[in-house]
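**Q** Input: one structure, supplied below.
The values are calculated or read from the model by the stated rules, or taken from the named source; none is laboratory data. All figures in this text were calculated on a predicted structure; none of them were measured in a lab. Heads up, the Cβs are rebuilt from the backbone with ideal geometry, glycines too, and the neighbour counts pull from every protein chain shown. Side chains included, ligands, DNA and RNA excluded: accessible areas come from the protein's heavy atoms. Shrake-Rupley method; radii C 1.70, N 1.55, O 1.52, S 1.80 Å.
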Amino acid sequence: MKIFTRSKALLLPVLSLLLLTTACGGSSPSGDSAASASPSQAPIASSSPVASAHKLTLMLDWYPNAVHSFLYAAQEQGYFTKQGLDVEIQMPADTNDALKLVAAGKVDLALSYQPQVLMARGEKIPVKALASIVRHPLTHLMVPADSSVHTPKDLAGKNVGYSSIPLYEAMVKTMVKADGGDPDKVNFVDVGYDLIPAISTGQTDAIMGAFINHEQLILQKEGHPVTSIDPAKYGVPDYSELVLVASDEGISQHKDDYSKFLAAMREGQAYVKEHPDEALSILLAHEDGTAPLDKEIETQSLKVLLPLMDAGDKPFGYQDPESWDKVLKWLGDNGLLPAGITAGDAFVNL
């Protein structure tokens, strides 16, 4: 099986964002449109256009997988078309592309992560979240199922593999401290993106940056079961792993269209909940050739995801202001966000 890890999706190259936002002047670095910048950025699905439909481009955070089922369901069931929208879904050539391109106005909408939106605002990148897609962390601390590590404080003297992302290091330290342990006694090992090999071969005692709906399932299937420890239970704010993002300018110019997009995506998510098997079949029909999907993994993934995407008595996508305040404070307390950033500037419920 070809293994893909998501950790690099959280690498936010702020300098690149700034350069792209200020210097590209509406064209990609190569002078082509975002959709033609590379083969993997070509549209991978689009709803049938109608004469009066307004075109919107959406860039995924990663290759198509179970978490995106609601988007493909909305396309295939005609929910976007019903709203008068012609939605083009693009896969990023690089997992950092989504925020860069939406900030530069090269795509209308993008999927990203709640902490990254705040960190982008901290660097004066004009992006804002429109909806919470996955309302809870998918990134968990993972240890082998037979490990002597039962809670974060047990990591004292242990090696934790991560991909040099400060956010992950801060999460582990917060978890250890909240559990009554000493964060300074944890040994951090930069394993790049090789999180699965790091833990499956015993190179590290734990990993941080792997997702419970992907890497954990792969490890289980390959005979290396792990126990996941939820960071939200140990001092890390219960953040939204995935959010829908637009630029400030885009919101001011296309608010009505974005509201229609939200209405269609809610119908898409309702379809997924009611018809999960059919929704997965739709997704699998849109898998990217460079990243083939494992039906068994994606089926399990959707079961993990659906309860974490449920907004309860609120509409799918609703964003809790208190969550944004807590995440902002935690990022600031851990030196990941400068002073003066306001949570209310980083999101909006349309």
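**Q** In the chain, which helices (entire DSSP H runs) extend 15 Å or more along their own long axis, judged by Cα positions, while averaging at least 0.0 on the Kyte-Doolittle scale?
**A** 166-178, 295-309
**Q** So who's got an amide H within less than 5 Å of the one on Ser164, skipping anything under 5 residues away but keeping other chains? H placed 1.01 Å off N, in plane.
**A** Sorted by chain and number, the residues that satisfy this are Val191, Gly192.
**Q** With a point put 7 Å past each Cα toward its Cβ, work out how far Glu123 is from Asn349 in nm, to one decimal.
**A** For the pair Glu123/Asn349, the computed spacing is 3.0 nm.
**Q** A follow-up question, please. Name the residue, out of Asp277, Asp194, Asp97, whose mean-square fluctuation peaks in a Gaussian network model built on the chain with Cα pairs under 10 Å.
**A** Of Asp277, Asp194, Asp97, the Gaussian network model singles out Asp277 as fluctuating most.
**Q** A further question on this structure: Could you compute the FRET efficiency for Ala339 and Lys185, with r as their C-beta to C-beta distance and R0 at 35 Å, rounded to 0.05?
**A** 0.70
**Q** Can you give the accessible area of Asp313, probe radius 1.4 Å, in Å² rounded to 10?
**A** The accessible area of Asp313 comes to roughly 140 Å².
**Q** Going 7 Å from the Cα of Asp248 along its beta-carbon direction, which residues of the stretch 128-170 have the amide nitrogen within less than 12 Å of the resulting point?
**A** So the set is 128.
**Q** Of the cross-linked pairs Lys173/Lys326; Lys173/Lys233; Lys106/Lys128; Lys185/Lys329, which ones have a Cα-Cα span greater than 20 Å in the structure shown?
**A** Cα-Cα > 20 Å for Lys185/Lys329; rest within.
**Q** So, one more: Report the label-to-label distance for Ala270 and Asp94 in nanometres (one decimal), using points 7 Å from each Cα along the Cα→Cβ vector.
**A** Those two pseudo-labels are separated by 4.1 nm.
**Q** What does the accessible area per residue of the chain come to in Å², with a 1.4 Å probe and no ligands, DNA or RNA counted?
**A** Per-residue value: 40 Å².
**Q** Antiparallel versus total DSSP beta bridges in the chain: what percent is that, nearest 5?
**A** 55 percent
**Q** Here is a further query. Report the label-to-label distance for Ser228 and Thr201 in nanometres (one decimal), using points 7 Å from each Cα along the Cα→Cβ vector.
**A** The modelled label-to-label distance comes out at 2.4 nm.
**Q** Using a 1.4 angstrom probe on heavy atoms only, work out the carbon and sulfur share of the accessible area of the stretch 166-211 in %.
**A** 44 percent
**Q** Can you list the lysines whose alpha carbon sits under 18 Å from that of Lys221, skipping same-chain ones fewer than 8 residues off?
**A** Lys2, Lys295, Lys303
**Q** Set the Förster distance to 41 Å, then compute FRET efficiency between Asp310 and Ala53 from the Cβ-Cβ distance, nearest 0.05.
**A** The computed FRET efficiency comes out at 0.85.
**Q** If you don't mind, there's one more thing I want to ask. What length, rounded to one decimal in nm, is gained on full extension from Lys329 through to Ser281, with 0.36 nm per residue of separation minus their alpha-carbon distance?
**A** Length difference between fully extended and current span is 13.2 nm.
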